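The values are calculated or read from the model by the stated rules, or taken from the named source; none is laboratory data. Since this is a predicted model, take the numbers as computed values, not measurements. FYI the Cβ positions are ideal-geometry reconstructions off the backbone, even for glycines, and counts take in every protein chain you see.
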Amino acid sequence: MNEDGKGRGKIRLLILSDQTLFARSVEDMLRQESSLEVLGWERDPNRASQAIAQAHPDIVILAGLDASTEFAPAVIAILRQDPAIKVVEVNLQSNDLLIYGKELRVVREAGDLLMAIQQSVSRMDELTVGEPGLPQ
């Protein structure tokens, strides 16, 4: 809840990018939105996990020419630390946007793993090529 007790507080964002111009532009744009709080940005992949731990963001934005590779250890750490954090990757070469999430399941027997795989594939089959956000 926010200070006036009405609804959720601002969505807290942290930007991870080694592309200074892009990061500053995104930061400036997002700061214009009253529902968002930009916590800043980190350009060094080696300090990304620490920045996330200190900032406690709701969403982490990864942006770069190959952000998922550069910041891969940080992304894995994010998803392990806090399943509520969403990770949004913006690929500056392809203009793709990927949203990473985490699903935690308890596996008690081999059949649980098989069921998880089948459900994941079933969900993927429900999506069709041509839907917004999917490759053509």
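Annotations
- The number of residues in the stretch 95-106 being surrounded by fewer than 11 Cβ atoms within 10 Å (Cβ to Cβ) and at pLDDT 80 or above comes to 3.
- Selection from the stretch 8-21 of residues that are assigned to a loop (DSSP other than H, G, I, E, B) and either modelled with pLDDT of 90 or more or over 23 Å from the mean Cα position of the chain (by Cα) (or both): 10
For every residue, the table says whether it meets (1) within 18 Å of residue 9 (Cβ to Cβ); (2) in contact with a helix residue (DSSP H, G or I) (Cβ under 6 Å, 6 or more places away or on another chain); (3) assigned to a loop (DSSP other than H, G, I, E, B); (4) not β-branched (Val, Ile, Thr).
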site: 26; (1), (2), (3), (4): no, no, no, no
site: 33; (1), (2), (3), (4): yes, no, yes, yes
site: 39; (1), (2), (3), (4): yes, yes, no, yes
site: 46; (1), (2), (3), (4): no, no, no, yes
site: 51; (1), (2), (3), (4): no, no, no, yes
site: 61; (1), (2), (3), (4): no, no, no, no
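- Flag if residue 80 is among the charged types (D, E, K, R), at pLDDT 85 or above and either under 14 Å from the mean Cα position of the chain (by Cα) or surrounded by fewer than 13 Cβ atoms within 10 Å (Cβ to Cβ) (or both): no
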